[in-house]
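Contents: one structure, followed by commentary.
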Amino acid sequence: MLLYVARRLAALAFVMLGMSLLMFVVAHALPGDPARVAAGGVEATTEMVRIAREQLGLDRPLAVQYLLYLGRTARGDLGRSVVTRRRIADDLLEFFPATLELTAAAVAFAGLLGVPLGILSAVRRGRLSDHVSRLAFLFGISMPVFWLGLVAILVFYAVLGLLPAGGRIDYLLTPPPHVTGFYTADSLLAGDGQRLASALRHLVLPALVLSTVSLAFIARMTRSCLLEVLGEDYVRTARAKGLREALVIYKHALRNAAVPILVTIGLQLGTLMGGAVLTETIFTWPGIGTYAVSAVENQDYPALMGFAVTFSFLYALLNVVVDVLAYRLNPRVSV
Amino acid sequence: MHSWSVFDRRRPLVAVLAVAVLLVAGLGAAPAAHGQEKVLNIGLYIEPPSLDPHNTELGTLIRELANIYEPLIDVREKIGVYEPVLATSWTASDDSLAYTFKLRKGVKFSDGTDFNAEAVRVNYDRVMNIKRGPYAAVKQIKAVEVVDEGTVRFRVHKPSAAFLSTMRLFMMVSPAALRANAGTDFGQSWFNERTAGTGAYKLDRWQRGSVVSLVKNDRHWRGFRPDNFDRVNMRIILEADSQRLLLEQGQIDIAQIISIDALPALKRNPRIQVVETEYAGQMYLLLNTALSPLNDPRVRKALAHAWNHDKYKALRKGIAPRADGPAPNVMLGEGYTLANAYPFDLERARKLLAEAGVKPGTTLTALVQKGDEQKRMLTEVFRDELDGLGVKVDFVEATWPAIFKRTTDWSATKDPGLNWHVVAFYKSPDLWTPWTFLYRMFHTETQVHKPSGQWNFVGYANPAVDNLMDEANLTMDPGKASALWRKANGMIYADMPAIPIEKMVEIAVLRSDIRGYKYHAYDNGRKLYLYDLSRAK
């Protein structure tokens with residue numbers, strides 16, 4: 001097991017190198033001019049753009065630029081964003097955890113609601129509740145997150161006045177001292193009840209909205225896996241033995257269906273991380289999605305590469321974790 | 001029948017969840033500052049890239065940073081007349097190569113440092129080293145002399161009537177803060193996210209992606225009225241619908257992004273005031289005069305006659321006053337008007353196209369800026385009318401930086417792969433002088449690909465017009481200069497290198513209890529004068 005994990009982590013390094021090269025090539029193929037953005041946009045004169053280009057080293061051959069980038073990265077310097085003019089490491093440290101917090105909460109909601117709903121649907125297959133659930137799943141997968149978000153704000157903020165319309169924390173409060181970058185966790189660590197409550201209130205709506213994407217998916221996956229398992233001989237035997245239905249489902253059926261369900265949940269985290277940008281925009285959640293989109297629009301090469309390398313690292317790491325968990329749950333799964 | 005004891009066990013869990021939800025909803029009630037008398041909340045249009053007045057976009061500089069930092073002089077409604085800010089008076093030498101400014105006494109930066117002639121010199125050095133932001137304006141200055149503590153002299157490379165108007169972009173930062181935090185980048189890292197200026201407000205904190213919070217600068221030289229705002233929260237809310245909801249709820253007092261469709265409902269709301277002001281920014285449809293068939297003036301005039309402004313205005317819900325000409329009339333002196341020589345007339349257009357030998361089926365390439373609905377809309381209206389004339393318009397969508405690069409590269413190489421005929425372009429009244437429109441957009445020297453390039457995208461090159469503009473720029477008397485600019489304006493209009501589309505209308509949406517909101521023709525859209533604002537009791 002340890003050897004397996006070590007091998008996977010070693011492979012990560014190659015993944016990141018490959019991603020950086022790929023992103024470098026793609027970024028430079030994009031039409032546009034980061035030198036102009038750096039120089040100040042529309043208002044910059046041609047001369048100022050030329051100066052910015054020299055300052056950023058964009059007038060050098062591509063291979064040289066890439067090697068210089070690798071050299072700096074090895075020394076821990078990810079460069080400076082052309083848009084925020086800040087160190088990219090600082091940008092990533094701020095924006096990545098924001099998205100992770102949102103997507104983790106979304107996937108948690110999706111799992112907590114989706115798995116029981118999937119079980120219900122599987123166990124009551126063919127009944128009205130199954131049909132209603134499946135319709136609800138379809139709604140969840142089909143409804144654009146963008147629209148759902150606006151409706152949610154309208155209902156819960158404008159009409160009911162229960163929850164805030166956006167942001168990660170009340171804008172009058174300074175964020176808690178940075179430890180993980182998760183406002184909820186950091187508030188908890190700092191023992192700050194007011195900030196924790198505010199962070200939770202701000203997290204609920206965007207996480208719920210974002211979870212609709214995964215909820216349906218997880219529920220359907222649970223339903224299918226469970227149905228498949230419920231048709232097996234050993235389940236029929238267990239029932240014949242007179243075991244309580246709850247025991248049949250949880251101890252026997254679900255345990256065997258768990259691996260694919262778990263893998264789905266884990267991978268949803270990765271998928272949502274990449275696709276949270278719409279939710280981030282609606283709820284003014286300053287996360288990595290918005291940051292990456294801005295980097296693409298402004299040809300912010302260093303930011304794009306920093307983002308891509310970090311994202312691929314996290315995604316690959318996530319896969320390793322899911323695999324290890326799957327093995328722990330069901331040792332018959334070969335690694 | 002299977003038992004459902006599975007769900008019996010769920011009931012306590014459901015109860016716990018319900019209680020948790022109620023708790024969370026009830027707790028975390030934030031300190032309520034919205035609607036608080038002395039706090040102003042603004043829904044910003046765009047997050048500033050940087051708070052450094054020497055390294056940010058000029059839009060941010062003029063809109064937001066002008067409340068934190070100040071220049072020596074600013075502009076007034078009348079062209080050629082300037083507002084004393086950090087300088088109280090000034091004189092120019094006879095040859096217009098030296099300007100001497102008398103500085104305001106007793107001014108301090110927010111960190112307590114004195115403002116004086118030496119501070120101006122330090123700021124000059126900084127801008128010349130960083131070469132961003134107001135560099136193009138400041139590099140006109142060859143040298144800065146400290147005459148005495150309260151007097152500074154600028155020596156310029158060459159005389160220019162536009163020089164003084166560019167000085168509104170040159171803002172002063174505290175030399176002490178600069179010295180303490182210079183680092184290896186002339187203090188850019190520090191000034192990016194912190195402030196040390198002479199303006200009415202200073203930065204309290206900036207939470208990226210969330211809010212820029214300013215507080216009163218107690219050392220500000222004008223002093224404060226009892227009704228000035230103590231704090232201004234500029235919130236970054238990127239969605240028009242969200243800004244609208246927050247405005248209606250009173251959580252923000254000024255909304256900078258509002259969709260035009262929402263205006264009728266907002267106008268009916270007694271708690272909201274909608275202020276529409278025309279300002280001197282203009283939208284054009286640029287015509288590439290260096291590429292066939294647009295190199296034939298008859299074709300360009302035909303396209304001008306094919307512009308259906310009424311149709312466009314209707315799409316803009318009536319908020320689209322027709323642009324004046326190459327330069328806004330208001331910049332060319334009192335009483336000046338330019339008659340519309342190109343009324344919407346498809347027959348005339350057809351005739352001109354036939355005369356020029358343009359066959360039906362000819363295709364033009366239009367560059368359309370991604371994310372800008374207004375520019376897309378107007379290009380679509382243009383395309384529709386041309387369709388009726390048998391001329392096809394192909395759209396190529398790209399971001400603004402990409403469009404800039406393509407037009408620049410084409411101008412330099414004439415590569416057919418980069419051909420473009422038409423692009424919508426917005427010119428702001430960043431400087432209060434006709435020079436910023438006519439010279440920067442239509443002089444041979446300002447063609448985009450040249451080292452001296454500015455915004456002559458269309459490759460317009462008319463030596464007679466060049467001479468007029470050069471002479472106007474050397475004429476220090478505003479009246480005499482005006483006459484020359486007017487002549488140039490007329491000549492450019494006759495050549496039609498750019499169809500004047502609309503004048504920009506600033507639509508400010510505020511809570512009704514906000515007082516002091518004023519807009520000037522020389523302002524950029526969404527400019528904020530925080531010092532002037534207050535809340536009615």
Exercise. For region A:97-138, list residues with backbone N below 19 Å from a point placed 7 Å from the Cα of A:Glu245 toward its Cβ?
Worked result: A:115-134
Problem set entry | Amide H contacts under 5 Å for B:Gly197, placed H, 5+ residues apart | B:Ser110
Exercise. Between B:Ala464 and B:Gln140, what is the FRET efficiency for a Förster distance of 41 Å, r being their Cβ-Cβ separation, to the nearest 0.05?
Worked result: 0.95
Seminar exercise, completed: Taking a label point 7 Å from the Cα of B:Thr91 along Cα-to-Cβ, the residues of region B:150-172 whose backbone nitrogen sits under 14 Å from it are B:151-154
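Taking region B:333-412, which chymotrypsin sites (Phe, Trp or Tyr not before Pro) meet the DSSP loop condition and have no more than 12 other C-beta atoms within 10 Å?
Values: sites: B:Tyr336, B:Phe344, B:Phe382, B:Phe395, B:Phe404, B:Trp410; in loops: B:Tyr336, B:Phe344.
Sparse-neighbourhood loop chymotrypsin sites (Phe, Trp or Tyr not before Pro): none present.
Suppose we take every Cα in region A:64-190 and form the convex hull; what volume per residue is that in Å³?
Values: hull volume 27.2 nm³, N = 127.
Per residue, the Cα convex hull of region A:64-190 comes to 214 Å³.
How big is the Kirkwood radius of region B:67-162, worked out from every pair of different alpha carbons and given in Å to one decimal?
Details: mean 1/r = 0.0708 Å⁻¹.
Answer for region B:67-162: a Kirkwood hydrodynamic radius of 14.1 Å.
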For this session: Would you look at the GNM of chain A, springs on alpha carbons closer than 10 Å, and say which of A:Ile261, A:Ile51, A:Ile141 moves the most?
Result: A:Ile51
For this session: Return the calculated 222 nm mean residue ellipticity for the protein assembly as shown, to the nearest 500 deg cm²/dmol, obtained by summing -39500 (n - 2.57) across DSSP H runs with n ≥ 4 and dividing by the residue count.
Result: -15000 deg cm²/dmol
Exercise. Taking a threshold of 19 Å on the Cα-Cα distance, which of the pairs B:Lys105/B:Lys158; B:Lys202/B:Lys537; B:Lys311/B:Lys503; B:Lys38/B:Lys267; B:Lys359/B:Lys392 fall above it?
Worked result: B:Lys105/B:Lys158; B:Lys202/B:Lys537; B:Lys38/B:Lys267
Seminar exercise, completed: Debye calc, one equal point scatterer per Cα of the protein assembly as shown, no solvent, log10 I(q)/I(0) at q = 0.10 1/Å comes to -1.21
Exercise. In whole Å, what is the distance between the alpha-carbon centres of region B:395-467 and region A:65-116?
Worked result: 38 Å
For this session: Could you list the residues of region B:141-184 with an amide nitrogen less than 20 Å from a label point located 7 Å from the Cα of A:Asp77 in the Cα-to-C-beta direction?
Result: B:181-184
For this session: Would you mind finding the longest exposed-site-free stretch of chain B, with exposed GluC sites (Glu not before Pro) meaning DSSP loop and at most 15 other Cβ atoms within 10 Å?
Result: B:335-537
Exercise. For chain B, what is the Kirkwood estimate of the hydrodynamic radius, computed as the reciprocal of the mean inverse distance between distinct Cα atoms, to one decimal in Å?
Worked result: 25.8 Å
Seminar exercise, completed: Between B:Tyr529 and B:Lys267, Cβ-based FRET efficiency (R0 25 Å, step 0.05) works out to 0.60
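Taking a cut-off of 39 Å, what percent of all Cα-Cα pairs in chain A are separated by more than that? Walk me through the numbers on the way to the answer.
Values: 14947 of 55945 pairs.
The calculated P(r) of chain A puts 27 percent of pairs beyond 39 Å.
Of chain A, which part is the longest with no trypsin sites (Lys or Arg not before Pro) in a loop (DSSP not H, G, I, E, B) and with at most 11 other C-beta atoms within 10 angstrom?
Numbers: sites that count: A:Arg75, A:Lys241, A:Arg332.
In short, A:76-240.
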Exercise. Shielding of A:18-31 by partners, i.e. mean partner chain Cβ atoms within 10 Å per residue?
Worked result: 1
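Throughout, read-outs are computed from the coordinates displayed, never taken from laboratory work. Bear in mind that the values here come from a model prediction, so they are computed numbers and not experimental data. When we count neighbours, we look across all protein chains shown, and the Cβ atoms used for this are built from the backbone with ideal geometry, even at glycine.
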